[in-house]
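Nothing in this text is a laboratory measurement; each read-out follows from the coordinates by a stated rule. All values reported here derive from a predicted model rather than from experimental measurement. As a convention, Cβ positions derive from the backbone with ideal geometry for all residues, glycine included, and neighbour counts pool all protein chains shown.
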Amino acid sequence: MQLDTPRSDDGAVQFLVTGPGVDSVRVVGYDGYAAVVNGEANLLITGSIANGTVAQVRIPDLARSAEYRASILAAAVRTTYVLQDLSGYRALLVR
């Protein structure tokens with residue numbers, strides 16, 4: 001999964017991946033937490049966050065990959081953890 005952020009001061013971003021069932025998820029390149037609960041992937045990454053790969057999401061059937069959606073639930077400023085406006089943020093599922 002990749003993140004596109006319009007900001008240079010993100011310190012935490014929370015994601016949700018939904019679809020027919022996620023097998024596993026792990027954070028890549030950042031501190032954070034990731035878990036699969038009831039087939040959905042929940043992630044929180046922290047640190048000096050920038051555009052690019054943030055996680056690896058495994059699904060059981062690549063033929064159904066179009067049925068999965070990644071969304072950003074929240075983002076916070078690195079120094080204050082004030083919530084950011086989510087306009088311009090994108091989470092992308094890529095192979």
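If you scan region 1-38, which residues turn out to be free of Cβ contacts under 8 Å to residues at least 60 places away in the same chain, among the hydroxyl-bearing types (Ser, Thr, Tyr) and surrounded by 14 or more Cβ atoms within 10 Å (Cβ to Cβ)?
Thr18, Tyr30
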Any pair with Cβ under 6 angstrom, 6 or more apart, that starts in region 64-85 at a residue that is closer than 16 Å to Val17 by Cα and ends at one that is in a strand (DSSP E or B) and of a type in the set (Val, Ile, Thr): Arg69/Thr18; Ala70/Val17; Ala75/Val13
Considering residues of region 41-95 that are crowded, with 17+ Cβ neighbours inside 10 Å and more than 10 Å from the chain's Cα centre (by Cα) only, the residue farthest from Gln14 (Cα to Cα): Ile59
